[in-house]
Protein chains: 2
Amino acid sequence: MKIGIDAMGGDFAPEAIVEGAVLAAANLPTNVQLVLIGKQDIVNQLVTKYGYQGSQIEVVHAEDVVEMGEHPTKALSQKPHSSISIGFKLLKEKNIDIFCGAGNTGAMHVGALFSIKAIEGIIRPAIVGLVPQKKGGYAAMLDIGANADCKPEVLEQFGVIGSIYAQYTFGIDKPRVALMNIGEEEQKGSLVAQAAHQLLKENNRINFVGNMEGGDFFDDKADVIITDGFTGNALFKLAESFYTVASERGIKDDYIDKMNYEAVGGSSIVGVNGNVMIAHGISSPTAIKNMITWACKQVEAQIHVHIAKALS
Amino acid sequence: MKIGIDAMGGDFAPEAIVEGAVLAAANLPTNVQLVLIGKQDIVNQLVTKYGYQGSQIEVVHAEDVVEMGEHPTKALSQKPHSSISIGFKLLKEKNIDIFCGAGNTGAMHVGALFSIKAIEGIIRPAIVGLVPQKKGGYAAMLDIGANADCKPEVLEQFGVIGSIYAQYTFGIDKPRVALMNIGEEEQKGSLVAQAAHQLLKENNRINFVGNMEGGDFFDDKADVIITDGFTGNALFKLAESFYTVASERGIKDDYIDKMNYEAVGGSSIVGVNGNVMIAHGISSPTAIKNMITWACKQVEAQIHVHIAKALS
């Protein structure tokens with residue numbers, strides 16, 4: 001298994017990315033290879049600096065870098081030798097099994113759509129965020145930021161792909177799918193949420209359990225939380241900030257620690273023909289290390305294959 | 001000053017409401033009178049049961065009750081003798097200075113619109129939630145649930161009324177107004193958020209400081225947080241649930257305790273010709289007591305008078 005990583009993407013790249021990869025390499029299964037994509041001399045120097053001497057890290061050269069503030073589409077077309085462009089080329093040609101990056105999120109998303117493309121039948125791919133639940137485990141929330149505006153049928157499809165995601169990632173037979181809303185009754189909420197509720201209710205491919213509210217976020221009401229990328233992004237970042245608040249207040253708690261963005265480290269883009277994982281721009285070495293661990297599991301789950309099969 | 005309270009509204013009414021009023025009455029300024037609206041014999045019995053013997057609580061009889069699940073408009077037209085209907089009648093006739101209730105939120109909102117009505121020029125009144133900030137004090141978020149769908153010009157007006165709210169409630173000269181969004185750059189976000197950003201930026205009545213994200217919720221980025229009632233409701237309830245998580249984990253922290261819904265107890269409906277405050281259906285006696293304290297401050301702030309003046 002080959003895990004491709006954009007060594008140049010992120011606020012603290014390439015240092016934090018390479019350090020994270022070296023940390024991950026220390027405990028990697030022997031069948032896993034890390035492929036760092038970036039400026040070869042710099043990345044090699046850092047691999048040496050962080051003391052890695054094994055054979056599970058290789059470096060693929062990329063001359064250019066897409067900066068954080070750049071326009072995604074423009075940057076990708078103007079920089080075919082950027083680490084993001086080369087990462088997606090490797091992914092498309094199946095030279096890597098997953099491409100992970102903490103750089104320009106828009107460019108990662110557009111890169112996925114332009115290279116491996118959306119699965120046939122998918123209206124809009126989504127980013128899946130993992131929400132730690134009080135009872136243990138995670139709920140998968142989608143979308144957490146790829147699609148700020150979602151039509152009801154897009155939310156319905158999130159229910160289908162989220163359900164497949166939860167089934168093969170968490171190993172749950174009939175994942176409970178809930179719609180984020182502002183009331184439990186089906187006539188509550190925005191026009192889009194009301195319409196989506198009806199579509200989800202009538203969709204017999206999923207185990208729809210109705211609406212949930214912001215206050216139910218951690219309460220194990222569902223395995224899959226459906227929402228648009230606007231609300232989802234705001235909720236996900238607020239939940240992450242709970243860890244920050246607790247940490248700043250000197251509170252150390254196993255459960256609240258799971259809300260730390262570093263704990264999972266990466267979020268999958270689901271609905272495209274391959275495995276893509278994006279990480280926070282601020283990613284630390286620990287976050288990158290954990291993202292790599294998580295990436296191995298995502299490769300094994302082969303979500304995109306199951307989604308393609310379900311939609312064919 | 002007369003604080004009207006729906007004694008029959010809420011999951012634990014009338015007991016919790018009357019007990020809360022009695023708790024509040026123990027420390028009430030001498031110029032404040034509590035007016036409990038509900039079934040006179042029951043409410044009087046409870047006032048006695050909870051040991052109140054002073055003269056700052058009076059009871060106004062209401063024969064009927066709007067139940068939690070009832071359709072707001074229907075219930076109000078069919079139940080003119082309900083505690084909510086009578087509360088708004090008293091408010092309209094200026095026999096009370098504020099009407100507070102923990103019952104059917106929709107009925108409280110519709111009751112306000114039908115009785116004291118929206119201030120001339122107000123497109124949509126909003127519910128204001130108080131978000132405790134790390135540095136101390138609160139940010140006022142609107143809307144937290146009255147309007148699930150908001151057009152850009154509605155969000156712009158929330159900026160104006162939210163700014164007045166913060167000015168006279170918090171005593172801040174030029175409150176910082178931020179738009180909840182999923183990125184800092186002005187071209188980020190949903191179509192509505194993008195359009196609202198432009199309108200807020202060009203509005204010279206307010207001190208617009210740009211976008212904020214879910215992760216900035218507690219970080220004192222703004223005194224006023226503008227968002228639609230869908231996202232606002234979800235965020236507000238999620239933030240409240242952080243107190244629940246901490247409490248269940250045995251964590252006791254002064255700052256996190258402020259996220260407890262009981263700490264403020266009530267949220268003002270802003271943009272109508274009078275003072276109206278709504279509370280959680282689950283309100284405990286402590287929540288009701290704190291809502292009453294907060295209601296006294298809201299009456300003094302006279303937000304509706306300042307808004308009417310600003311829009312005239």
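Read-outs throughout are calculated quantities, based only on the coordinates presented, and are distinct from any laboratory measurement. If you're wondering where the values come from, they're calculated on a predicted model, not measured in any experiment. Because the Cβ atoms are built from the backbone with ideal geometry, glycine has one as well, and the counts that use them run over all protein chains shown.
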**Request:** Take the Cα atoms of region A:211-265, find their three principal axes, and give me the spread along each one in whole Å, biggest first.
**Result:** 35, 21, 20
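Shielding by partners for B:24-35, please: the mean number of other protein chain Cβ atoms within 10 Å of each residue's Cβ. Don't skip to the answer; put the middle values down first.
Values: counts 0, 0, 0, 0, 0, 0, 0, 0, 0, 0, 0, 0.
The shielding value for this peptide is 0.
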**Prompt:** With labels modelled as points extended 7 Å from the Cα through the Cβ direction, what inter-label distance (nm, one decimal) is found for residue B:184 paired with residue B:40?
**Reply:** 6.2 nm
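Anything over 24 Å Cα to Cα? Flag those among B:49/B:74; B:2/B:289; A:151/B:201, in the order listed.
Working: B:49/B:74 34 Å; B:2/B:289 15 Å; A:151/B:201 28 Å.
Flagged as over cut-off: B:49/B:74; A:151/B:201.
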**Prompt:** How much net charge surrounds residue B:107 when only other residues with a Cβ under 13 Å from its Cβ are counted (Lys, Arg +1; Asp, Glu -1)?
**Reply:** -2
**Estimated dipole of region B:123-266 in Debye, rounded to 20 [Cβ of Lys and Arg +1, of Asp and Glu -1, Cα centre]** = 160 debye
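On a full-extension model of 0.36 nm per residue, what is the gain between residue A:74 and residue A:198, subtracting their alpha-carbon distance, rounded to one decimal in nm? Write down the numbers at each step before the final one.
Working: separation 124, 0.36 × 124 = 44.64 nm, distance 3.89 nm.
Residue separation times 0.36 nm, minus the Cα-Cα distance, leaves 40.8 nm.
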**Message:** Could you check the spin-label model distance between residue A:11 and residue B:151? Points 7 Å from the Cα along Cα→Cβ, value in nm.
**Reply:** 3.8 nm
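Which value, in debye to the nearest 20, describes the size of the charge dipole of region A:219-312 about its Cα centre when Lys and Arg Cβ atoms bear +1, Asp and Glu Cβ atoms bear -1, and nothing else is charged?
I would put it at about 240 debye.
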**Prompt:** What does the helix-only formula give at 222 nm for the protein assembly as shown: each DSSP H stretch with n ≥ 4 adding -39500 (n - 2.57), the total divided by the residues, and the result rounded to the nearest 500 deg cm²/dmol?
**Reply:** -13000 deg cm²/dmol
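What Kirkwood Rh does region B:123-266 have if only Cα atoms enter the pairwise 1/r average? Answer in Å. Show your work: numbers first, answer last.
Numbers: mean 1/r = 0.0661 Å⁻¹.
Over region B:123-266, the inverse of the mean reciprocal pair distance is 15.1 Å.
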**Message:** Loop only by DSSP, 13 or fewer other Cβ within 10 Å of the Cβ. Give me the trypsin sites (Lys or Arg not before Pro) in region A:207-312 that pass, ordered by residue number.
**Reply:** A:252
**Message:** At 7 angstrom along the Cα-to-beta-carbon line, where would the label on residue B:30 sit relative to the other copies? Give the distances in nm, shortest first.
**Reply:** 8.8
**Request:** Compute the label-point distances linking residue B:1 to its equivalents in the other copies; points lie 7 Å from Cα along Cα→Cβ; give nm, one decimal, shortest first.
**Result:** 6.3
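Determine the relative contact order of region A:101-231: mean sequence separation of Cα pairs under 8 Å and six or more apart, normalised by residue count, in whole percent. Mind dumping the intermediate values first?
Details: 235 pairs, mean separation 41.4, N = 131.
Relative contact order comes out at 32 percent.
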**Prompt:** Which whole-number percent of Cα pairs in the protein assembly as shown have a distance greater than 38 Å?
**Reply:** 36 percent
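Would you work out the charge dipole size for the protein assembly as shown about its Cα centre, treating the Cβ of every Lys and Arg as +1 and the Cβ of every Asp and Glu as -1, and quote it to the nearest 20 debye? Don't jump to the answer; show the numbers that get you there.
Details: 52 positive and 70 negative charges, 52 e Å.
I would put it at about 240 debye.
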**Complete:** Distance in nm between residue B:311 and residue A:63 label points, each 7 Å along Cα→Cβ, equals 6.1 nm
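Please state the relative contact order of region B:67-162 as a whole percent: Cα pairs under 8 Å, 6+ residues apart? It would help to have the intermediate numbers written out before the result.
Values: 92 pairs, mean separation 20.1, N = 96.
21 percent.
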**Prompt:** Taking Cα centroids, how far is region A:233-312 from region B:92-117 in Å?
**Reply:** 45 Å
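Would you please classify the overall shape of region A:92-183 from the alpha carbon gyration tensor, given that a ≥ b ≥ c denote the square roots of the eigenvalues, rounded means a/c under 1.5, and beyond that prolate means a/b larger than b/c while oblate covers the rest? Kindly include the intermediate steps, with their values, before the conclusion.
Values: a/c = 1.69, a/b = 1.39, b/c = 1.22.
Taking the square roots of the gyration eigenvalues as a ≥ b ≥ c, region A:92-183 is prolate.
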**Item:** Charge tally in the Cβ shell below 13 Å around residue A:45, where Lys, Arg are +1 and Asp, Glu are -1, residue A:45 excluded
**Value:** -1
**Message:** Looking at region A:1-142, I'd like the Rg to Rh ratio, where Rg is from alpha-carbon atoms and Rh is Kirkwood's inverse mean 1/r.
**Reply:** 0.99
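Starting from the Kirkwood Rh over alpha-carbon pairs, what translational D in µm² s⁻¹ does chain A have by Stokes-Einstein at 25 °C and 0.890 mPa s?
125 µm²/s
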**Request:** Among the aspartates and glutamates, select those whose C-alpha is under 14 Å from the C-alpha of residue B:258, and discard any that sit fewer than 8 residues away in the same chain.
**Result:** B:240
**Message:** Among B:150, B:169, B:229, whose Cα projects farthest towards the positive end of the dipole of region B:123-266, with charges put on the beta-carbon of Lys, Arg (+1) and Asp, Glu (-1)?
**Reply:** B:169
**Request:** Once the label point is placed 7 Å from Cα along Cβ, list for residue A:191 the distances to the corresponding points in the other copies, in nm, shortest first.
**Result:** 1.1
**Request:** Output the relative contact order of chain A, whole-number percent, from Cα pairs under 8 angstrom with separation of 6+ residues.
**Result:** 23 percent
**Request:** Choose one answer from B:251, B:86, B:182: the residue with the largest mean-square fluctuation in a GNM of chain B with alpha-carbon springs under 10 Å.
**Result:** B:251
**Request:** Lys and Arg at +1, Asp and Glu at -1: add these up for the other residues within a Cβ distance under 13 Å of residue A:269 and post the number.
**Result:** +1
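Which whole number gives the average count of other chain Cβ atoms within 10 Å of the Cβ atoms across peptide A:210-219? Numbers along the way, then the final one.
Details: counts 0, 0, 1, 5, 12, 11, 3, 6, 6, 3.
Averaged over the peptide's residues, the number is 5.
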